[in-house]
Amino acid sequence: MSALKKEVIDLSGIENEKKQSIVGKRIPRSDAFEKSTGLARYTIDVKLPGMLVGKVLRSPHAHANILNIDKSKAEKIPGVEAVITAEDVPNRLFNGTFTIYKVSPERAKHEVEDRYILSKKARFVGDGIAAVAAIDEETAENALELIDVQYEKLPAVYDCIEAMNTDAPRIHDFAKNNIAKHISFPFAAGDVEQGFQQADYNIESTFKTSKQKHCQLELDSCVAKFDPQGRLTIWSPCCQIHLFRRRIAWLFGLKEGMVRVISNYVGGSFGGRSNFNAEPICIALAQKSGKPVKLEYTSEEDFIVHMSRQPFVQTGKIGVKKDGTITALQTKLVTNGGAYFETSGATTAVNMVLFMGLYRCPNMAGEGDVVYTNTPVSGGFRGYGNPQGTFVLEQIIDMAAEKIGMDPMAFRLKNHRRTGDPSWWPSIPLGSCALEECIRIGAERIGWEEKRSRKDTGTKKKGVGMAIMSHPSNVFPLFIEHSNASVNLNEDGSAFVSVGVSEAGQGSLVVLAQIAAEELGIHVEDVHMVTGDTDITPFDMGTYGSRTTYVLGNAVLSAARKAKIQLLAHAGKKLKVSADELDIKDRQIFVKGQPKKTIPVAEIARDTIYDHQGKGSNIIGTSSFNASNSAPTFQAAFVDLEVDTDTGVVNILKMVMAQDIGKTINPLGAEGQLEGSAAQGIGYALCEDFVVDSNSGRTLSDSLHTYRIPSSLDIPELEIILVEEKDPTGPFGAKGIGEAGSVAIAPAIANAIYNAIGVRVKELPMTPEKIFKAIKMASSQEGR
Amino acid sequence: MSYLRNFEYFEPESLEEAVKLKLKYDPEEAKVLAGGVDLVPRMRRRQILPKCVISLHRISGLDYIESNGKSGLRIGALTSIRSIELSSAIQRDYKVLYEAVHQIASIQVKTMSTAVGNLCVASPASDVALSLFVLGAKLRLIGRTSERVIPIEDFYVGLNQTSLRPDEIAAEIILPSSTAQLSCAFLRLTRTATDCPKVNVAVTMKVVDNRCKNVNIALGCVAPTPIRAQKAEDKLRGQIPGEKLIEAAADAAAEATKSITDIRSTAEYRKEMICVLTRRAIEKSLNMKGESYRRGDMQ
Amino acid sequence: MSKQIAKFNINGRPYEVLIEPQTILVDLLRDQLDLMGTRLNCGVGECGACTVLIDGKLNLACSRLAITATGKDILTIEGLAKGTTLHPIQKAFAEYGAIQCGFCTPGMILSAKALLDSNPNPTKKEVQEALAGNLCRCTGYLKIVDAVLAAADAMGKGGLA
């Protein structure tokens, strides 16, 4: 098991482009010292003097009215400082994500706000009903046990299709048939019915995807403290500190300036920390008790309450001509949103939009229903609807290719979108797309031609399959894509760069430092990143949507450029040349064409500060960058595997992922992101299954014993190829690839399984049980 | 975070003292602590709330793998599974036990877990138990006034239930004389490489001139306890097995099982896989196909 | 049972602490001794984030009563570097991109140390097996394995322990 090759392929061939000395290099991240020595501090490590311990009382029932809560006994326990229920917290319905701030006011109306800080009705096993703050954990737990809740149990429903029946129990009063929202594909084109009529073959199939847990290692927690003036400070692993601040302020009736959000290092997010987790209850406890409170979720709570990837029941239909032209694409999906809406609307939309955004097709339509069930809440997870939709799309593509007798790779090469074609947002064309090269090189590395026609005898059968994908580098123009950066020169010629991003492991800090250092002509170790504090760092929309390298990278590049202009202006005066004649390299400002005429950056930086002529200033470049392009990235994934037909066990022999990355700022980081997300994709494809008991609604997948994620022994040989065709709008041409690795793996595996055994498994995870059953059914149908 | 509820705690300095302490409580109220990998997490999760915990860790002389006089081996109560894995004597003379413990992936878990402790949890999925079944191992149980040695199969009476009397502590595993001359196989299926098994099968057999003698087949995860596949053994004993006979034996093994559906697998799949794994384990033992079986579903 | 004074030897330093039998080792380290590098996640012995070395052997601090670790040499991640000089394994983790969010890193590094202490020249497979008890959700393990092999190489050449 290894990354066989670490390869960067540069397609741009621009000869006179300035060669970078820092961007593109495998530079270790700057937080490695702290993280490898155990000195790194996460929210879960925060301790404050006088801090109380918070605990939440959760519903044991999947669906129940709350008739009465008697907290009097709990309040009397010595050491209990607050006991709260719904009536003790702001009575505001909210949605725990921040989509309404990102989209236009018109679109924001489509978001559903359906939950309270503490629920007034229990809608899933684990729904938070009451909370306690006490001097220690034991006291808090004793208090919880003395809160007497009178429930009226109601019938519950766990399956999203059943939940839509007219006789299903209604979970939210407003949602008839438990449909929270109907969402249509916003870019419907042409006439799909006509498109299907024009086709020589129509292929339609229904698939089920699963609920996937983030299993980030840092459990949810929050620390909240009000100071005597009523200013709130929160420590949280949230990844959108400014939007978070705005939402908290609104929820608790505070002005944003009275709220400070600090996000230290974050122990993994993968999209699960772009929303509230422990924070609202923690803040409510701090408000009620008047003391700092730490609310730490147990591992079980984290499993049940931390939202997990939406499962879909999704039908995909494709119309295709014998020559391989796609005439129509349609999808219908039912989203199992769980007990509350949260991100289910957004992921339903993203699913459809990216489903339709990969291939050239004149007739497209899609419909989705977000449905409530009495199960733990679904939420955003790396890919955000795209892994689910691509699982469907890339299999019906393979099925269509098979129907017309065309090689699936050739079919994709014929039909995928290219530079200049409309992107997923049709009015904005693709500025770059290296997908064709990704497909070709990926196919070569996996050995596509010779392996496709393998015919194994015996019980172990090999197969090779592929899938392609696309994902934007930010969500413009659907979302505001706005980032700020400030680049500040120190007297010694080093710089500190202030940005609002949270470092959740994705490696943004070193990437941004490289961009700043490259532009400023200093060393990367001269750049210190300041991040994650709304009192210190400038506004940022947050760490999500693969956006940091692209949007914040552009902001840092622009800010560094401004700082550089100031440096050169000052240097020009000193050297008595025009600033246009100057450049910076290796910490030295030099005259172009006269490399020996130099002056250190440090000298200029110091002199501008300690100016004895009364003209002192600080060299600071600030920039507000607004994306005007989403610069989608593309990928071709190939899987070679073997199926043991006696057991249904899949053994992946090799995986190849070729990524259209634009420009690799840091190959070490880029590979790490792709490898890590591929591992999540393997778990999603083969073994990760979040199970809820169909009688009680209790979560059975409540620990890492019961819910399995891949270990070091479960990852196959993986080859990553970074294909560089610079994007005209990305910083140094870069695109964002943080989510890309988790999207195409599952369908590539499904297609490879089909190539191996002629059986298609349409439900995730594709466990040996399901594969074995499918093999048996296929055999009996063939009358063997 | 997630403290443990109160319990009385003792650190006896001998097994006899431990037994005396245990007797002061009802059987369900007192827990003996060896490694703790099972007990401590369960206490943290409030799945077990003992009144008393009796830790054996201060008792010296319980960590050993040593010869049992003329033949056989004894494994002490505090001997870790990791020590068993690293023991050259075990690797040489009790290969099926080595294969069983080697399949357990986490070194931390193997280091902290004791083999005797693992047996006392009485899980039907225990790889250790399964391999000891086919080795004809015994357990020494120390009571207040006496001790007894029982076959490992008699130790298991139900799901997570052993035949330990209220005054007894399991003290030692006794292995018979070397099984180096036996053929053996240990196979399991898991969801990921580090998971507990969905099904597991252990086989030892003596093959003389292609003829099966002394066949021992044990099946895990398909009944409340590990079980012997007696009907399968009966079919093979004394025979020169061909493909048909092996299949018949595997079918007989599966017939005797009572699988359930749980978070790891389905009843139907387990029944089918017991048949497949039994067949493969017999074949491996007979060296018919010489396949190598990889750890875990995903590899 | 009430609290009692217990003596520990952690990272070569003696500690006297007030504990109860109920105190779990990971909570002792984190809550009382501010040794936060030993992380807590699953609490059921599955993820390995709480890995420490006790008398040179790998242990899970989440599954061990602190009282059973008195009188033993405990090594946590804080005890590995010498001042600002990183252990070769720590250096390799940094250089080979084996760290992302960093939460699993202390446990991973200690498992790697246990491996290299007993097997200074492991194969790739042996490294994978040695790390099987440490889960990582960020990296996909590939660079972690690369880092451990590189550390083995560096330690073999430099002779650093």
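If R₀ is 60 angstrom, what is the calculated FRET efficiency for the pair B:ASP63 and A:ASP227, using the beta carbon separation as r and rounding to 0.05?
0.60
What do you get for Rg/Rh of region A:221-377 when both radii come from the Cα atoms and Rh is the Kirkwood radius?
Radius of gyration relative to Kirkwood radius: 1.14.
Which one of A:ASN177, A:ILE161, A:LEU217 has its Cα pushed farthest toward the positive end of the charge dipole of region A:154-218, where Lys and Arg give +1 and Asp and Glu give -1 at the Cβ?
After comparing all options, I get A:LEU217.
If you place +1 on the Cβ of every Lys and Arg and -1 on the Cβ of every Asp and Glu, how big does the dipole about the Cα centre of chain C come out, in debye to the nearest 20?
Magnitude of the dipole: close to 140 debye.
Which parts of region A:72-90 would a label at A:GLU145 reach, counting a residue when its backbone N lies under 15 Å from a point 7 Å out along Cα-to-Cβ?
A:73-75, A:77-78
Taking every alpha carbon pair in region C:55-131, what does the distance histogram look like in 5 angstrom bins from 0, in percent?
Taking all Cα pairs of region C:55-131, the binned fractions are 3, 13, 23, 25, 20, 11, 5, 1 percent.
Under unit Cβ charges (Lys, Arg +1; Asp, Glu -1), what dipole magnitude, rounded to 20 debye, does region A:145-281 have relative to its Cα centre?
So the dipole magnitude of region A:145-281 works out to roughly 820 debye.
Which residue, C:THR84, A:PRO408, A:ALA678, has the largest displacement toward the positive end of the dipole of the protein assembly as shown when charges sit on each Cβ (Lys, Arg +1; Asp, Glu -1)?
Comparing the listed Cα positions along the dipole, A:PRO408 ranks first.
At 37 °C and 0.692 mPa s, grab the translational diffusion coefficient of region B:143-299 from Stokes-Einstein with a Kirkwood Rh over Cα pairs, rounded to a whole number in µm² per second.
This corresponds to a translational diffusion coefficient of 195 µm²/s.
Need one number: convex hull volume per residue for chain B, Cα atoms only, in Å³.
133
Taking the square root of 5 times each eigenvalue of the Cα gyration tensor, what semi-axes in Å does the equivalent ellipsoid of region A:278-350 have, largest first?
Computed over region A:278-350, the values are 45, 12, 9 Å.
Please work out whether region B:8-55 counts as rounded, prolate or oblate from its C-alpha gyration tensor, where a ≥ b ≥ c are the square roots of the eigenvalues and a/c under 1.5 means rounded, while otherwise a/b larger than b/c means prolate and anything else oblate?
In terms of gyration-tensor shape, oblate.
What's the FRET efficiency of A:ASP693 with B:LYS24 using the Cβ-Cβ distance as r and R₀ = 56 Å, to the nearest 0.05?
0.90
Could you work out, for region A:376-428, what percent of all Cα-Cα pairs fall into each 10 Å distance bin, beginning at 0 Å and stopping at the bin that holds the largest distance?
Whole-percent P(r) values from 0 Å outward: 20, 35, 34, 11, 1.
Taking the Cα atoms of region C:4-79, what is the range of coordinates along each of the three principal axes, in descending order and whole Å?
The Cα atoms of region C:4-79 stretch 30, 24, 20 Å along the principal axes, largest first.
Considering only A:ILE589, A:SER624, A:SER546, whose Cα is most displaced toward the positive end of the charge dipole of region A:482-626, charges sitting on Cβ of Lys, Arg (+1) and Asp, Glu (-1)?
So the residue furthest toward the plus end is A:ILE589.
Residues with amide H under 5 Å of B:SER178's amide H, sequence separation 5 or more or different chain, H placed in the peptide plane at 1.01 Å from N; which?
B:GLY72
When the Kirkwood radius is taken over all Cα pairs of chain C, what Stokes-Einstein diffusion coefficient follows at 20 °C and 1.002 mPa s, in µm²/s?
Rounded to a whole number, D works out at 134 µm²/s.
In whole percent, what relative contact order does region B:33-114 give with Cα contacts below 8 Å and a gap of six or more residues?
Rounded, it is 31 percent for region B:33-114.
Could you compute the net charge surrounding B:LYS244? Neighbours are other residues with a C-beta less than 14 Å from the C-beta of B:LYS244; K and R count +1, D and E count -1.
After counting each charged neighbour, the total is -2.
For labels at C:ARG13 and A:ARG440 in the simple 7 Å Cα→Cβ model, what's the distance in nm?
Going by the 7 Å Cα→Cβ label model, 6.1 nm.
Over the protein assembly as shown, what is the percentage of antiparallel beta bridges among all DSSP beta bridges, to the nearest 5?
Once the DSSP bridges in the protein assembly as shown are tallied, antiparallel ones form about 75 percent.
Pull up the DSSP beta bridges for region A:490-591 and report the antiparallel fraction as a percent, rounded to 5.
45
Treating only the Cβ atoms of Lys and Arg (+1) and Asp and Glu (-1) as charged, compute the dipole magnitude of the protein assembly as shown about its Cα centre; round to the nearest 20 debye.
Dipole about the Cα centre, nearest 20: 840 debye.
Give the list, by residue number, of cysteines in chain A with no other Cys Cβ closer than 4.7 Å, or say none.
Taking the Cβ cut-off of 4.7 Å, the unpaired cysteines of chain A are A:CYS160, A:CYS215, A:CYS238, A:CYS239, A:CYS361, A:CYS433, A:CYS438, A:CYS687.
Would you please classify the overall shape of region A:26-140 from the alpha carbon gyration tensor, given that a ≥ b ≥ c denote the square roots of the eigenvalues, rounded means a/c under 1.5, and beyond that prolate means a/b larger than b/c while oblate covers the rest?
Here region A:26-140 falls in the oblate category.
With the Cα gyration tensor of chain A giving a ≥ b ≥ c as the square roots of its eigenvalues, does the rule (a/c under 1.5 for rounded; else a/b larger than b/c for prolate; else oblate) give rounded, prolate or oblate?
It comes out oblate by the Cα gyration axes.
Give the angle, between 0 and 90 degrees and rounded to the nearest 10, that separates the Cα long axis of helix B:267-286 from the longest principal axis of the Cα atoms of chain B.
70
Starting from 0.36 nm per residue, how many nanometres of slack lie between B:ILE263 and B:ASN287 once their C-alpha separation is accounted for?
Length gained between B:ILE263 and B:ASN287: 5.2 nm.
Taking 20 Å as the cut-off for C-alpha to C-alpha distance, list the pairs among B:LYS95/B:LYS138; B:LYS231/B:LYS271; A:LYS47/C:LYS91 that go past it.
A:LYS47/C:LYS91
Jot down the per residue volume, in cubic angstrom and as a whole number, of the convex hull over the alpha-carbon atoms of region A:618-671.
Considering the Cα atoms of region A:618-671, their hull volume per residue is 162 Å³.
Tell me, what is the FRET efficiency for A:ASP586 and C:ASP55 to the nearest 0.05, using R0 = 51 angstrom and their Cβ-Cβ distance as r?
For R0 = 51 Å, the calculated efficiency reads 0.50.
As a check on your grasp of the helix formula, calculate [θ] at 222 nm for the protein assembly as shown: sum -39500 (n - 2.57) over DSSP H runs of n ≥ 4, divide by the residue count, round to the nearest 500.
My calculation for the protein assembly as shown gives -8500 deg cm²/dmol from helical runs alone.
No value in this document is a laboratory result; all are computed from the given coordinates. Note that the structure is predicted; figures quoted are calculated from it, not measured. Cβ sites come from the backbone with ideal geometry, for glycine too, and all protein chains shown count toward neighbours.
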